[in-house]
Amino acid sequence: MSTVFKDASISPDEILAGDSTEFSIKVNIGSGYTKEASRLVFDFSSTLGTSCPTQEVNEASGYIETYVSNPDVTYKTRCWDLDYKHYVDREHKPSREAMRMVVVDLDGGLKEGDTVELRWGETLGGFGPGAKVTTVIPRPDYKARVDIRYFDSQEKGIPDHGRDYIGYTRPVPDYLLRLEYTIIPRTLKRSRLIRKTDKAMLVPYDVFWNIAKVDDLSEIYDCSADATKNEQGIFEFADKNVQVVCKKADYSESASMDNVFEGKNIYWGDIHTHSAYSIDCAQRSGMDMTPERLMKFARDRAALDFYAVTDHHEPHHDPINHIGKDKWLDTMQAVNKMNVEGSFLVFPGIEFRNEFGDICLVFNDEPDYDDITRPELAHVSEFAKTYEGKMLAIPHFHGPGSEPVGTWRKGIENVCPVLEIYSDHGSYERVDIVENGRAWCKTAREDRCADFFLKNGYRYGIVANSDDHKGHIGVNGLTAVYAENLTREAIFDAYFKRHVYGTTNARIRLLFTGNDKLMGSVLNTNEPKKFFIDVVGEKPLKMVELFRNGDFYKRFYPQGISFKTEFTAPERGKDNWYVRATQLDNHIAYSSPVWYED
């Protein structure tokens, strides 16, 4: 502890995930604290579920109050918004989630032994709801934090953009103190056995999909084989066909993913995610999951087979929108360290945005930072010219862009075989969605949904990814890939052949063929159109539906967890067909189409 503060504390220093309380953040003034006017900036981590500190409504969760023990010292408390870069007041409203800094300006006269206290989630009046803490525990050693940034002048510290970038250096405090508190998982709520091609992984979740603490496997499960517990708290079985009976809590398990179609296995991935190096993660939540930490999560906790971090990088915009060379090099080091062919694949990637909307660029090699930061790369087609054969471009539609309705990207046909139609933003299969749809605040354009492209002659496969910004990848969007082996080349080849499908999270095994050819295929036939559908869910199925040219065609009514059928359609001529399988819990799998051409 510096002489600036004699001591400091946050209380409580342990709390259950998603719980609410009043926090006391207190500093005891030391002999080195200035006698003149000063500034204390309280910088909160505000990952998913956390109450942003606020002074807008005193009945609100996260309302703050400042207490100064010295009655001769006057002070002013304000909230700073990192997205909009202003103090929040009646004329300057907060952004959705970036109001996470509290600025306390104190006049001179503080003495050694005085205290300054910030109560976050003020409840002293008897009606405050407290402050809710995050629902996400992204790693076993995770601690939420509050950084106290001391400035010996009120002319320092603000404006604050949240991070350094070319042309801007974040204010350096005269003293920095970090206080931390532990988020504790809640009790076991559900269990999930994930069958991979080389092993099985038993995941015990709390209600928020954190890893619930399970010390003795036998108290909850009867298993036909022994398991080892990995660093994330997941139980791994070398026997991928292990049989498990769960004696407590909700339980599900996935089907075998081996040799599902003509020697091809199903591999699972999430290749649209964000680390602490993305601008919005830095500004809005102060999220601290580095690319390497996310890769370990993907492998050991989410049980993924392949993965990519796609941090925001827009070379044609201001440097604040660049990832930065040091962060890119750190990402490449993590990729090289974690990528193991045959076991766990990692791809480099970025998310790119311009007037055409948002798109992820995933690379099959390791691009040089200077090459991907050339200012002339103002359109994704410019990337396509440089990286054709080495890059996969995946558009997503909650950021649809500003181009007129009906327009679409040109010059990316050779690098863009699929569309991401589901993520934690909801479904973009079509505008009107029932199961697992969208919150009403989400943007949805008719020409930025899958059915528009199917109706208008485009040839795209269908995938899903999480677009996670909270350090909780591998949920709210997964892609299943048909490939003979787990190599970068095989996975890329499957994407470009559209031998892929997306799910909302559940590991639903979905096989869909047209005239014995796998989803994604283009068929030139005037013979009857013969379809084969084979679905095995993690939970009982509610319906399996067949769509023609983006429109509903036929519904099947399964009984139980699996469904299999053959169906011949009488229609002739050019069209496309795909399958949607929906479980009773509203989790969905969306196949890529098959296309028939004259």
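The values are calculated or read from the model by the stated rules, or taken from the named source; none is laboratory data. Note that the coordinates shown come from a computational prediction; the quantities given were computed from them, not determined experimentally. Because the Cβ atoms are built from the backbone with ideal geometry, glycine has one as well, and the counts that use them run over all protein chains shown.
Remarks
- Filter pass, P315 being in a loop (DSSP other than H, G, I, E, B) and more than 26 Å from N210 (Cβ to Cβ): yes
- Complete set of residues in the stretch 125-160 that are touching a Leu at 6+ places or on another chain (Cβ under 7 Å) and not acidic (D, E): T134, T135, V136, R145, V146, I148, R149, Y150
- Residues of the stretch 419-439 that turn out to be free of Cβ contacts under 8 Å to residues at least 24 places away in the same chain and among the aromatic types (F, W, Y), as a count: 0
- Selection within the stretch 217-233 - of a type in the set (S, T, N, Q), out of contact with any Pro (no Cβ under 8 Å at 6 or more places or on another chain) and either surrounded by 13 or more Cβ atoms within 10 Å (Cβ to Cβ) or assigned to a loop (DSSP other than H, G, I, E, B) (or both): S224, N230
- One residue alone among D326, D368 is part of a helix (DSSP H, G or I) and more than 19 Å from the chain's Cα centre (by Cα), and that residue is D326.
- Inside the stretch 1-58, residues that are buried (at least 16 other Cβ atoms within 10 Å of the Cβ), of a type in the set (K, R), out of contact with any Phe, Trp or Tyr (no Cβ under 7 Å at 6 or more places or on another chain) and more than 15 Å from R119 (Cβ to Cβ) make up a count of 1.
- Leading residue by the ranking (farthest from the chain's Cα centre (by Cα)) among those in the stretch 24-49 that are closer than 20 Å to S9 by Cα and at pLDDT below 95: S45
- Inclusion of Y142 among residues that are assigned by TED's automatic domain parsing to the domain that holds S46, within 21 Å of the chain's Cα centre (by Cα) and surrounded by 15 or more Cβ atoms within 10 Å (Cβ to Cβ) is warranted.
- 3 or more residues closer than 28 Å to I137 by Cα and in the same structural domain as R301 (by TED's automatic domain parsing): qualifying strands (runs of 3 or more DSSP E) within the stretch 399-502: 418-423, 478-483
- Within the stretch 329-352, the set of residues being buried (at least 18 other Cβ atoms within 10 Å of the Cβ) and part of a strand (DSSP E or B) comprises F344, L345, V346, F347, P348, G349, I350, E351, F352.
- Residues in the stretch 386-400 that are surrounded by fewer than 19 Cβ atoms within 10 Å (Cβ to Cβ) and either under 15 Å from T443 (Cα atoms) or under 17 Å from the mean Cα position of the chain (by Cα) (or both): H398, G399.
- Single residue of the stretch 158-184 satisfying the filter (surrounded by fewer than 17 Cβ atoms within 10 Å (Cβ to Cβ) and of a type in the set (S, T, Y)) that is farthest from I10 (Cα to Cα): Y168
- Residue match in the stretch 70-81 (condition: under 23 Å from the mean Cα position of the chain (by Cα) and at pLDDT 95 or above): yes
- Whether a residue is surrounded by fewer than 18 Cβ atoms within 10 Å (Cβ to Cβ), among the aliphatic types (A, V, I, L, M) and either touching a Lys or Arg at 6+ places or on another chain (Cβ under 9 Å) or closer than 30 Å to Y33 by Cβ (or both) was assessed, and I148 does not pass this test.
- Selection status of G128, modelled with pLDDT under 95, part of a loop (DSSP other than H, G, I, E, B) and crowded, with 18+ Cβ neighbours inside 10 Å: yes
- Just one of the listed residues (E355, E429, E376, E413) is surrounded by 21 or more Cβ atoms within 10 Å (Cβ to Cβ), farther than 25 Å from G471 by Cα and of a type in the set (D, E), and it is E429.
- Identity of the residue in the stretch 108-125, crowded, with 23+ Cβ neighbours inside 10 Å and among the hydrophobic types (A, V, I, L, M, F, W, C), that ends up farthest from the chain's Cα centre (by Cα): L110
- Options D81, D105, D89; residue that is crowded, with 18+ Cβ neighbours inside 10 Å, without any contact (Cβ under 8 Å) to a residue 24 or more places away in the chain, under 22 Å from G162 (Cα atoms) and not polar (S, T, N, Q): D81
- Here the condition is being over 30 Å from P204 (Cα atoms) and among the basic types (K, R); of R139, R100, R145, it holds for R100 alone.
- Meets criteria (of a type in the set (S, T, N, Q), under 24 Å from P291 (Cβ atoms) and out of contact with any helix residue (DSSP H, G or I) (no Cβ under 7 Å at 6 or more places or on another chain)) for T407: no
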